[in-house]
Every structure is written in C-alpha cells, then in structure tokens.
Amino acid sequence: MPPLESSATTEESATKPLWIGTSWKMNKLGSDARAWANTLTENLTDDVLSQVQPFVIPSFTAISPVAQVLDGRSPVLVGAQNAHWEDSGAWTGEISVPQVKDAGASIVEIGHSERRTHFGETIETTRRKVEATIRCGMRPLLCIGEPADTKAAGQSAEYILEQAHGALDGLDESDLGKVLIAYEPMWAIGDAGRPPRTEELVESFAALGDEYDHRVEALLYGGSVTVDNAAQLLSIDHVGGLFVGRTAWDVHGYLELLRIAEAHRRS
Ligand code: PGA
C-alpha cells in the first residue's frame, strides 16, 4: 500500500493527480470483479498513471479478489464502501476498518447518501468512521450531498458544509490532508438522478473550495458522470477528480474516463 501523503501546498497541487474512482455499490460477483481488474491492469498506460490516481471500491466480498489481482501489478488503490467505527467487538453483521485493511483496502468510503437514506448513517457516525479510518492509517473518502428540496430552497452549500464540518472538524490539519471529499448531490445520483449542468455545481464547489481546497487531498464530483460530461465536470473550479457509479461498472467505460482525465490534466 503506498504511504499516505499529507495535504499539498499550493505549488504542489499543480502537480497533483486527478483522482478517478468507482464504487460498484452492490454489484459484481468475484469472477466479474477479477475480470474487471484484470482488464484494467492490462490496459492502463504510464501516460494515464502519470496524471491520474485510479481507485476502485468493490463490495466487501470482492475487495480481496480485486486487491489480489491489482497487488504488485498496478498503483490502482482499492477501497471499502463502509466500515464500522470500532476496531472489533459484538457488532454482528458489521465489518471494521482493520478488517477491510486486512482484505487489501486503503480507502474507506463514508457517508454515501444511500447509506444516510437507507441505513441510518448520521453526521455523528460519519465523524466516528472518519476518525477510525485515520486511526488505522487509511484514507477516508467522505461523501456529502444535498437532497433536491434543499437545492430548490437555495441551501445546497450550507447543507454540504454542515455535513463536512460535522465529520471533519475534529481532525488536525495533517490528518485532514489525507481526506478525499466527494460532493455527490442526491438529485444527480443513480438511475433516479439526472446529470447536472456544470453551472449548478459551481456555487457548491466554490463553498467547498474556500474551506477545504489545499487542506484535503482532493475534492471530487460524483453523480451521473458519463464519458460525455466528464471533461466539463473536471473543468469546474476546485474539482480534483470524479467518483463514478454506472459509467465505470463496465471497465471500458472506466478506462475511457481515465483517458479523458489524462487529456484534461494535460490540456
Ligand atoms: P452514478 O453513481 O455515477 O451511477 O450516478 C454515483 C454515486 O452514487 O457515487
């Protein structure tokens, strides 16, 4: 696992890679997962890897198979979609940060809106999970995003800043520098969502950027990313990467996004 680097200074950020990752949500069996990872490693180029940090977040059951395929063959990072805040104990059905680390993960996704909506994730539990992830020497990927009615009321920025502050305020600056934040508006996510227009995201990224750009590892955008809108999304101020669902579940879609990011980074 590559060592975590602390947050970059302004000059360093010019040379930072774009973070392009995918969560598979509750999809793919072990054989599909291995095939995806094999095709990825066979098609990754040094040109892409010089500009982009790829990462993949499978279901828990596929973390180990994917990590085994990638291990030693590529710098693609592997993550978990969730983890408990305690290291071990009587928490039937839960999986801890040390356990996902043991399986080969180095990133823990925390607070995706599907977990907040369906599984009772709160700002307080996201805070505990961020802390547990840092404690284990791993990188938290904190997801934040407002529902459609909050957007309609013009309160997107306040809403997402409250989520970010609630999860991150206790961290010292060097730990904050390990964090990835993915802004994923709920109205843009999944089959029920719609692709955003770039101008709908500018204000939220300006608010996040004011507070967190250069203090966290990177600010990512997620929600209905496609090969058609990826370059535009990457050109929004403060966007340092993309966090992708459906488009990247087919490895060829993911490879295309990596190429788009590489080209954008060089332009
Ligand atoms: P999507 O999912 O790209 O399929 O909209 C994004 C997400 O939920 O992170």
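The values are calculated or read from the model by the stated rules, or taken from the named source; none is laboratory data. All values derive from a computational prediction rather than experimental measurement. FYI the Cβ positions are ideal-geometry reconstructions off the backbone, even for glycines, and counts take in every protein chain you see. Just so you know, the surface numbers come from the protein's heavy atoms only, side chains and all, with ligands and any DNA or RNA stripped out. Shrake-Rupley method; radii C 1.70, N 1.55, O 1.52, S 1.80 Å.
Numbers below:
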read-out: Segment 163-174, residues that are farther than 21 Å from Phe243 by Cα and either open to solvent by less than 20 Å² (accessible area, probe 1.4 Å) or modelled with pLDDT of 95 or more (or both); value: Gly166, Asp169, Leu171, Asp172, Glu173, Ser174
read-out: Residue count, segment 43-67 (criterion: in contact (Cβ under 8 Å) with a residue 24 or more places away in the chain, assigned to a helix (DSSP H, G or I) and either open to solvent by 50 Å² or more (accessible area, probe 1.4 Å) or not aliphatic (A, V, I, L, M) (or both)); value: 7
read-out: Residue that is within 16 Å of the ligand (Cβ to nearest atom) and of a type in the set (Lys, Arg), where the choices are Arg128, Arg116; value: Arg116
read-out: Selected residue (only one of Ala148, Ala152, Ala207, Ala157 is surrounded by fewer than 21 Cβ atoms within 10 Å (Cβ to Cβ), farther than 23 Å from Thr117 by Cα and at pLDDT 95 or above); value: Ala207
read-out: Count of segment 136-153 residues which are within 23 Å of Ala80 (Cα to Cα) and either small (Gly, Ala, Ser) or within 15 Å of the ligand (Cβ to nearest atom) (or both); value: 7
read-out: Scan of segment 127-150 for residues that are over 11 Å from Val108 (Cβ atoms) and in contact with a helix residue (DSSP H, G or I) (Cβ under 6 Å, 6 or more places away or on another chain), ordered by number; value: Arg127, Ile144, Gly145, Glu146, Pro147, Ala148, Thr150
read-out: Only one of Leu40, Leu70, Leu77 that is open to solvent by 10 Å² or more (accessible area, probe 1.4 Å) and in contact (Cβ under 8 Å) with a residue 24 or more places away in the chain; value: Leu77
read-out: Hey, Arg135 closer than 20 Å to Thr22 by Cα and not small (Gly, Ala, Ser) or not; value: no
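Let's see how each residue does on (1) out of contact with any His (no Cβ under 7 Å at 6 or more places or on another chain); (2) hydrophobic (A, V, I, L, M, F, W, C); (3) more than 19 Å from Leu220 (Cα to Cα):
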{"site": "Gly104", "(1), (2), (3)": "yes, no, yes"}
{"site": "Ser113", "(1), (2), (3)": "yes, no, no"}
{"site": "Thr122", "(1), (2), (3)": "yes, no, yes"}
{"site": "Glu146", "(1), (2), (3)": "yes, no, no"}
{"site": "Gly166", "(1), (2), (3)": "yes, no, no"}
{"site": "Ile181", "(1), (2), (3)": "yes, yes, no"}
